[in-house]
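Accompanying notes for the structure given below.
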Amino acid sequence: MTSSIDTAKNAIEQQHAAIVDCCAMLVSQLRPDVSIEEIGKARMRLAKLLHDNVIAEEAAINGPIRRLPTAKRPLHFVDLGAEAADLRRRYTEHVGLWSIPAISEDREGYAVSVRALVAALSGHLSRKRAALPGWWRAIAHL
């Protein structure tokens with residue numbers, strides 16, 4: 001029988017994979033021959049994936065870990081949480097700055113901005129994936 005932790009683990013792993021795939025798709029669409037509409041669709045998909053992941057991680061991981069005594073919180077939880085908050089801030093600023101008209105006016109500048117944001121997000125997910133086994137162990141008894 002599959003436990004609720006296993007179900008949450010699988011769902012979050014799938015979300016992370018979908019985010020990475022969507023980021024790759026968005027970067028691949030930075031070519032001049034790709035329509036603004038297609039870029040807009042990829043942006044909307046990434047926004048939904050990131051939103052859904054924040055909700056899922058809060059319910060399955062972050063909330064339970066925050067209920068642990070501070071001394072029992074797993075390695076990198078605080079650091080990666082702060083990094084995630086900074087990435088959410090950067091993403092919000094990016095979306096606010098790069099409206100569809102702004103992208104149309106400066107596709108090259110948008111491409112530079114997207115690549116930087118995707119690199120930061122990919123690095124964060126890589127570090128989080130490495131930390132998650134310890135996080136799951138920390139809350140397995142809850």
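The values are calculated or read from the model by the stated rules, or taken from the named source; none is laboratory data. Because the structure is predicted, anything quoted here is derived from the model rather than measured. Cβ atoms come from the backbone with ideal geometry, glycine included; neighbour counts cover every protein chain shown. Heavy atoms of the whole protein, side chains included, go into the accessibility calculation; ligands, DNA and RNA do not. Shrake-Rupley method; radii C 1.70, N 1.55, O 1.52, S 1.80 Å.
Some observations on this one:
- The residues of the chain expose, per residue, 59 Å² of accessible area to a 1.4 Å probe.
- Reported to the nearest whole Å, the Cα centre-to-centre distance from the stretch 6-75 to the stretch 95-142 is 8.
- The chain - percent of accessible surface contributed by carbon and sulfur, probe 1.4 Å: 60 percent
- Given R0 = 22 Å, the distance between the Cβ atoms of Ala102 and Val34 translates into a calculated FRET efficiency of 0.85.
- Partner lysines for Lys41 [C-alpha distance under 29 Å; skip if fewer than 8 residues away on the same chain]: Lys9, Lys128
- With the highest mean first, a sort of the peptides 94-100, 126-132 on other beta-carbon atoms found within 10 angstrom per residue produces 126-132, 94-100.
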